[in-house]
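Step one of this worksheet: look at the structure below.
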């Protein structure tokens, strides 16, 4: 799989988008029966730094992620504002919901995109904010072998004139290989 946009990827010729979402350090998680972490649950009682605005934005991200898990690329594109933009590694910006939808053609059965917000902030006016975090995209390569892309994302949210919240900007960057992450420069 090759990187596409804002945590997006190209798989079998279909443009895939990976959305940002990660607040793991500020959430509590539980494990499913197989020992894998479940979706983080926000808990303002033991994370007093979570503002109501941040909690709201994380809830939006959770709804967004749940829709994408069920509906794939079509569901992904439905969360964008008409004038939205996606930015991805080494790719031209994709501008406008129609263009974003034309790239987000993957099916949930073929590509599983997950993300977890790690932070964010609501603007003082309460009508715009951002989240950032970690994403993963799981698929199979042309030979049927598992393929995973992961990285960081940022989503800018804006309240629309009809009162709904939509994604205005989605940007992502793939993570460097683990060995490259923390290596010190050689003299």
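The values are calculated or read from the model by the stated rules, or taken from the named source; none is laboratory data. Note that this is a predicted model, so its numbers are computed, not measured. We place every Cβ from the backbone using ideal geometry, glycine too, and count neighbours over all the protein chains shown.
The lone criterion from (1) modelled with pLDDT of 55 or more; (2) in a loop (DSSP other than H, G, I, E, B); (3) crowded, with 21+ Cβ neighbours inside 10 Å left unmet by residue 7 is number (1).
Is it true that some residue in segment 10-25 is in a loop (DSSP other than H, G, I, E, B), at pLDDT 55 or above and out of contact with any helix residue (DSSP H, G or I) (no Cβ under 7 Å at 6 or more places or on another chain)? The answer is no, given that none of the residues of segment 10-25 is in a loop (DSSP other than H, G, I, E, B), at pLDDT 55 or above and out of contact with any helix residue (DSSP H, G or I) (no Cβ under 7 Å at 6 or more places or on another chain). Go through (1) surrounded by 13 or more Cβ atoms within 10 Å (Cβ to Cβ); (2) farther than 14 Å from residue 171 by Cα; (3) modelled with pLDDT under 95 one by one and return the number of the condition residue 78 breaks. Just one mismatch for residue 78, condition (3). So, in segment 81-94, how many residues would count as being buried (at least 20 other Cβ atoms within 10 Å of the Cβ) and part of a loop (DSSP other than H, G, I, E, B)? The qualifying residues number 1.
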